[in-house]
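Derivation of every value follows stated rules applied to the coordinates shown; laboratory data play no part. These figures come from a predicted structure and were not determined experimentally. Neighbour counts are summed over all protein chains in view; Cβ atoms, including those assigned to glycine, are modelled from backbone coordinates with ideal geometry.
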Amino acid sequence: MEDFYDVVVIGAGFGGSAAAKKCADAGLKTLMIERSENVGDKVISGLTIPIYGFLFGPDFIRDGNPPFERPTDGIINYIIYDIDAGDMDIDDTLRVPRPFSPVVTFGYNTYCKPFCEWQARKAVDAGSELRTSTTVVDIIKDNGMVSGVVLEDGSRIRSKIVIDAEGSQGILAVKAGIRKKYPPEAISLADTYDYVMDKKDLDRILGYSLRFCWGWDEQKIAPPLGHGNGLMVWPYRNSVHFMQDHCLRLDGNKVPNLKKRFQEYHDNITTKLPLWKEEIAPRCHVRARMWEGFEIYVGLDPELKKMSNHDDGIILIGDAAGLESTELCDGVPAAWFSADIAADVAIEAIRAGNTRKDFLKKYDDRIKDHPIIQWSISSRNRYNLRYAQEKHDKRLLKKYVHYAWGMGQLTHSLTPILKMTFRFIKKDPAIVTKWIKMYFRYYQNWLHESYDYTESRNRIIDPGRPKTGEAVFKILVGGQDLILKILAPIIKLLAIPAFYLSIIANPAMKILLPVMRPVYKILRVPLSPLGNWLSDKVVRFVDRADPSLFEVTPGQSIISQKGSINLKKD
Amino acid sequence: MIKTHDDFPGVEWIDGTGDFIRVNSSKCTGCGNCMKVCLGDCWEIVDQKAQIKTLATCMECASCWYVCDAGAVDFSWPKGGTGYRSDWG
């Protein structure tokens, strides 16, 4: 007998479990199928999930208590011209300044496994079923219509819609003729190390900032610019995550010996970069090494970008849909956004009784209409970096690193981010309060390692804590919430022109940044002590405050469970 | 059975994957692309043909499949609950 579901989701990673959760919430009979023994076992990344993923992603993540390794305030870029002579520039302009940092962040660093487990638990709590240790080997097609999946034991599971979240390889989608295999030029192989380090050392040496390295090819310090992400170092809670990545092939040239190159880069950076050699190396030891491929160039290829991500009865999401960002090299926000959209379309399609591609086309239309997805998969800055490198032009290299990974980023990211902001405000102005509470809640959770499904969610709050900060927070945020609710009709109306006006934000930044930069540099010297003082005050307040201040769903259930999600194979 | 490898700490490989990567020798040109991109050292060239040396250090990235211009490499997912796993990805 064949099992039947409304929705089958292939893969319980970042995208798959977000889609399953939403479908299950809507009352659809939903099944997630995961090939690994435990959810997250096979998910690899060096991971900062940028803040826009949380602000504009699934509600349950924004309003929940997901696990983090460390908030991050931004990026410090080392632009290395001659490592032996110590000739390098630093661009640290893309950082949230104090007093906003570390509560207001650029993003959150996390290991993939606990985060995917957290999401999958939420989907299961919502009613989705989960089968682990189960590999889907094929998709069932009846007269061209996808109507389920075939498992490795030959059993078949029928469904009205299949959501394919199997990852960048897209083996099943390629096999079923839904999309083509990506060329090696579209794939970047990421070689990843995890180093254990004492938290106190980490706080002092790396703090909340990511470190990126960029260098000329012949330096063998970081993989070639524009065709790899260079080299990235993430501070986690008690560990340093290190990733270097390189395109599998450049412009139809010979495939490079990546094994040899990665070893060379890794040896050079860890023995020559002063930060690593003098500060990090003596205090860390390697815990893990692994690798994975990412399709970060799909959005830059007009033909690949045009490929449809749906067919009769099936929708591809996240990496399976080629949505890895070439802009900031992040895949999770687009996986969440596409999962949200796919679930919405699946729910609508099932309710309308039409799961054919004429209906599911809505999915690709909404992906194309998503300002952040389109911006993030379309940036051509990598080609600029490559050009600067080939020209061996320091000025150009600095300029393009600044425009990709420094404050110059705002000249191409501000418009899509503002568009999404106003789109959300138009829907519900009270979202602003939820965003603010999210920052505070996430930071407090990180301080106390207090995430859903952990015992520390039930920690005892000090009854003798100072209450002034809490009173101030209640008045400010409560007052703001009240104003947003009273003025909601006007705010919603204003959000419409603001949405359209945000198109001028990017060009405006091009004019304003050169003026703002020197002013900021001058001001930050005298203002820095004040910023640090205020930041420390806020951190102390968040540390001791009653967590209910930051909750957005009163009475939210807290379940104490531990261990990996591993349901028995059916 | 679970295996580890000294060169790749923090990763475990669970037995029983099956032959999830296969090579069609008649299509293989012996170019060695698969060997060059494999960080797990899973490939070797014997008599100018690529062949799999081991799948016990494969991280299932499919790079060998992507770079095979001759279309000689067939990649599928290993059996459920087998292959690599790590807590540190």
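What the table below lists for this structure:
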| quantity | calculated |
| --- | --- |
| Mean Kyte hydropathy of -0.5 or more with a Cα span along the axis of at least 30 Å, helices from DSSP in chain A | A:505-544 |
| Of every Cα-Cα pair in the range A:1-72, the percent that sits beyond 22 Å | 33 percent |
| Two-site label geometry, A:E264 and A:V174: point separation in nm, points 7 Å out along Cα→Cβ | 2.8 nm |
| Per-q log10 I(q)/I(0), the range A:1-121, q = 0.10, 0.15, 0.16 Å⁻¹ (Debye; single scatterer per alpha-carbon; no solvent) | -0.45, -0.79, -0.86 |
| Average projection area in nm² (convex hull over Cα atoms of the protein assembly as shown, one quarter of hull surface) | 29.8 nm² |
| Kirkwood Rh, Cα atoms: Rg over Rh of the range A:227-304 | 1.03 |
| Residues with amide H under 5 Å from that of A:I139, placed H, sequence gap 5 or more | A:V150 |
| Proportion of all alpha-carbon pairs of chain B beyond 20 Å (%) | 34 percent |
| The protein assembly as shown - share of DSSP beta bridges that are antiparallel (%, nearest 5) | 70 percent |
| Amide hydrogen neighbours beyond the local backbone of A:L130, cut-off 5 Å, H modeled | A:M32 |
| Per-residue mean of C-beta atoms belonging to partner chains within 10 Å, peptide B:17-23 | 1 |
| Convex hull of Cα atoms in the range A:187-337, direction-averaged projection (nm²) | 10.5 nm² |
| Peptide A:284-291, shielding by other chains (average Cβ, 10 Å cutoff) | 6 |
| 10 °C / 1.306 mPa s Stokes-Einstein diffusion coefficient of the range A:395-492, Kirkwood radius on C-alpha pairs, µm²/s | 93 µm²/s |
| Number of partner chain Cβ atoms within 10 Å, mean per residue of B:65-72 | 5 |
